Amino acid sequence: MPSANNDTPILRFDTFTNTVNGKSVDTETTRCGINPATKKSNPPVPNATKQDLDDTVQAARTAFVKWSQSSIEERKTALIAFAEALKQQEEDFAKLLTMEQGKPLAAARAEVKDGYNWMFEMANLSLPDVVAEDNKVRKVTIRYTPLGVAAAIVPWNFPIHLACGKIAPAIMTGNTIIIKPSPFTPYCGLKLAELASHFFPPGVVQALSGDDNLGPWITAHPGIDKISFTGSTATGKKVMESASKTLKRITLELGGKDPAIICKDVDVQEVAPKITAAAFANSGQICLALKRIYIHESIYKEFRDAMVAHTKTLVIGNGAEPGVVLGPIQNSMQYKRVQGFFDDIEKDSLKVVVGGANDLSSPGYFITPTIIDNPRETSRIVHEEPFGPIVPIFPWLDEDEVVAQANNTKMGLGASVWSSNLEEAQRIGSRLEAGNVWINTHMVVDPNLPFSGHKESGIGSEWGITGLRSFCNVQTLMTMKA
Ligand code: NAD
């Protein structure tokens, strides 16, 4: 296998194939993604059939026999070389990401960085055997053994970062992995696997692009042992149902409805822009984006006005153009969904403090960042995840009440509390029902820390040592000595 330093493969970024058993493979038919900033077609990508999936699973199963026996050092060397090669082609991947996903180039570069940094960091993680007992009578060792063939089902909002965050733990634990990018954003996922094929034995890292049939075929396939899924809660439930037929292991990273609780003693001018950014980053298309903002009544107006002022500075446009902060919504289906929340403005007599209308004749799927002032509890924007740049704000006075409101959701992905009084913030934070709780920040994730959703935001966890375990079976090995 080449190392990234002396033999970095240079990829072409104008043709796209599946990667199966170490080779670039075409399919009988192709399909095209759409550039969301222009609504123009991107280049053709493969459209995998059931037979393509069978071939890929077979290659992954064959590769597993040897890869599962490889040493940690071997896995680490290959993963680091792959991460290094991705780093060297950061700019090409970033441009491709902007073209397919829409996010501004600076954000695309940051995502590629997250991708390789996740792999660099997770290359240092391992699950050594644990000796639970060793005496005259017996030795008992707890081992973490790889599951077999994993499939990574990836959404369209972070196609590189989330794929890398699944490849790294699968590889480090001795599994093989098949990447299935979203049909809306297949390009970067395909290139990742093509690049990986230079650093791993054939069949260890593969990718298949397909249409809406491919995901269900994967979750039903008897040759796949684990599904690492990131996407919506509705799809996650289907994945779980389908995977149950073969008792596949699953990790589900699903939707969110993250609250922020702003206490009365924050520095308004400093915190309001951070809160606004956490609501509108990636045009609101982040599972961890702030989706409900509770502001202490004593600073409500001042904080709201500071959020409005910051929102007005956000430049919307084609992510390939300099200075753009908010790109388009990624696809037409999502655009219509977000537009539905704008239709509610009139229907529910919602009070808009900034934004509120979209240019429906625009060349791309652009949505104006919008803040809704204190909507009624029954309004959809309070309970559903728009996954776009529209967010409600609410005043609060009583701590118990705001905690109850923040927890009044089926979701439990992230939550944050903002206060100069750390004791108060931690007290409130410890009462929030979410897998990730932050004090005076939001959305900070780390490859060394577990990431998981409570309630309908997910099952299991990814990243960190706990994430590694999710790609393993536990084995108790008992040796009798006497
Ligand atoms: P989605 O659920 O529509 O699709 C996700 C992936 O699942 C895609 O690859 C899709 O092709 C595939 N898929 C669709 N139907 C399937 C089926 N029946 N069986 C198997 N696979 C299937 O999600 P999306 O619209 O791409 O992403 C947005 C959602 O993802 C939001 O709800 C967001 O909150 C969530 N998300 C969660 C996290 C997290 O880590 N918790 C991160 C990013 C996005």
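The values are calculated or read from the model by the stated rules, or taken from the named source; none is laboratory data. Nothing here was measured: the structure is a model prediction, and the numbers come from that model. Please note: Cβ atoms are built from the backbone with ideal geometry, for glycine as well, and neighbour counts cover all protein chains shown. Protein only, heavy atoms only, side chains kept; ligands, DNA and RNA dropped before computing areas. Shrake-Rupley method; radii C 1.70, N 1.55, O 1.52, S 1.80 Å.
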Exercise for the section: Just one of (1) away from the ligand (no atom under 14 Å from the Cβ); (2) open to solvent by 10 Å² or more (accessible area, probe 1.4 Å); (3) under 24 Å from ASN157 (Cα atoms) trips up THR230, so point out which. Expected result: (1)
Problem - Condition broken by HIS221, with the remaining ones in (1) near the ligand (Cβ under 10 Å from one of its atoms); (2) open to solvent by 10 Å² or more (accessible area, probe 1.4 Å); (3) touching a helix residue (DSSP H, G or I) at 6+ places or on another chain (Cβ under 7 Å) satisfied - result: (1)
Practice task
Say whether the condition of being assigned by TED's automatic domain parsing to the domain that holds THR311, part of a loop (DSSP other than H, G, I, E, B) and over 21 Å from PRO155 (Cβ atoms) is met by at least one residue in the range 383-397.
Solution key: yes
Completion exercise
Exactly one of LEU190, LEU214 is within 14 Å of the ligand (Cβ to nearest atom), closer than 27 Å to LEU247 by Cβ and open to solvent by less than 10 Å² (accessible area, probe 1.4 Å), and that residue is LEU214
Practice task
Kindly indicate the residue of the range 95-131 that is in a loop (DSSP other than H, G, I, E, B) and under 19 Å from ALA83 (Cα atoms) and also least open to solvent (accessible area, probe 1.4 Å) among those meeting that condition.
Solution key: ALA123
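Listed here are the residues, each with its yes/no results for (1) in contact (Cβ under 8 Å) with a residue 40 or more places away in the chain; (2) in a loop (DSSP other than H, G, I, E, B).
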| site | (1), (2) |
| --- | --- |
| ILE286 | yes, yes |
| ARG292 | yes, no |
| TYR300 | yes, no |
| ASP305 | no, no |
| VAL308 | yes, no |
| THR311 | yes, no |
Exercise for the section: Kindly indicate the residue of the range 279-337 that is of a type in the set (Val, Ile, Thr) and open to solvent by less than 10 Å² (accessible area, probe 1.4 Å) and also nearest to the chain's Cα centre (by Cα) among those meeting that condition. Expected result: ILE329
Exercise for the section: Scan the range 229-253 residue by residue and report those that are in contact with a Pro (Cβ under 8 Å, 6 or more places away or on another chain) and not charged (D, E, K, R). Expected result: THR230, GLY231, SER232, SER242, THR246
